[in-house]
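Encoded as structure tokens, the structure appears first; notes follow it.
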Amino acid sequence: GSWDFIASHIRIPGSGEVPDWVHYHDASFQIIYCHKGAAKLVYEDQGPPFIFKSGDCVLQPPRIRHQVLESYEDLEVVEVVTPLNHSTYSDHIMNLPNEAFNPDRAFESQRFTWDQAENRKWQTTDAAPSLSYQAGKTGIGEASAHRGEVQILRPLDSGETTLPIIPFPEQNSSAFILWFVLSGTAVFDSSTKTPPQQVNEGDAITAINGAPECVGAGFSDYSDNFSVLEVNLPSETF
């Protein structure tokens, strides 16, 4: 497979209105994760505008009309979109919020999802005796008809032992994986020819057409506050 994804780390300094208008994208999968700050967003059929806060994640289904109204406190978002060459269109007819309220509406088999950090469910994963971590589930896998999976990973407090956290995907193969360090520090070892490297908040690691080589990938020697965003696009959807 070829590189057909775009991952962006976008910053909007300060606070205030955003010069945006009602628009939509013909992307097949698109998520936005709020790393810092907040924004006021409004989406087609989803009711009144809402505040998208740090730690929240949104799945934007294909062609859903939406608008960014305001951003606050030095907004930083991580966005992952496929395909790389997708188009954006303005909609000069629809005003948002629109009158229809239909939160379960399917847009090309995907449902809009606003996953809020404060409601996130955390599951403890024991993939191996030496491997325990917590995964914060977002529900985006199901809502996107499994075009992509998004979760937040953090190590369990393991006392004095440093256990490797190995967030490799559960699928057999992935077209694309992004690991974005949300907080703390760790050492990332991909078990390939590249030497282990220190990672810090804001660093990003990607793996393309991975699985066999990613299975040994992991983070070790992490700080207590280490956490990482994982976006995994399984290859069978492309």
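Read the figures in this text as sums done on the coordinates, not as results from a lab. Since the model is a prediction, treat every value here as computed from it, not as a measurement. Glycine also receives a Cβ, built like all others from the backbone with ideal geometry; neighbour counts cover every protein chain displayed.
By definition, a body whose alpha carbon gyration tensor gives a ≥ b ≥ c is oblate when a/c is 1.5 or more and a/b is not larger than b/c, and the stretch 26-102 fits this oblate description.
Can you classify the stretch 1-48 as rounded, prolate or oblate using the Cα gyration tensor, where a ≥ b ≥ c are the square roots of its eigenvalues, rounded means a/c under 1.5, and otherwise it's prolate if a/b beats b/c and oblate if not? Judged from the Cα gyration tensor, the stretch 1-48 comes out oblate (a/c at least 1.5, b/c at or above a/b). Compute the Cα gyration tensor for the stretch 24-152, then decide on rounded, prolate or oblate, letting a ≥ b ≥ c be the square roots of its eigenvalues: rounded whenever a/c is under 1.5, prolate when a/b is larger than b/c in the other cases, and oblate in all that remain. It comes out prolate by the Cα gyration axes. Restrict the search to the stretch 39-85; then list the chymotrypsin sites (Phe, Trp or Tyr not before Pro) that DSSP places in a loop and that have at most 10 other Cβ atoms within 10 Å of their Cβ. Answer by residue number: there is no such site. Couplings 3J(HN,Hα) for the stretch 25-31, derived from phi with the Karplus relation 6.51 cos²θ - 1.76 cosθ + 1.60 (θ = phi - 60°), are 10, 9, 5, 8, 8, 8, 10 Hz, where x marks Gly and Pro. Listed values for the stretch 139-148 are Karplus-derived 3J(HN,Hα) couplings in whole Hz (6.51 cos²θ - 1.76 cosθ + 1.60, θ = phi - 60°), namely x, 6, x, 5, 5, 8, 6, 6, 6, x, and x replaces Gly and Pro.
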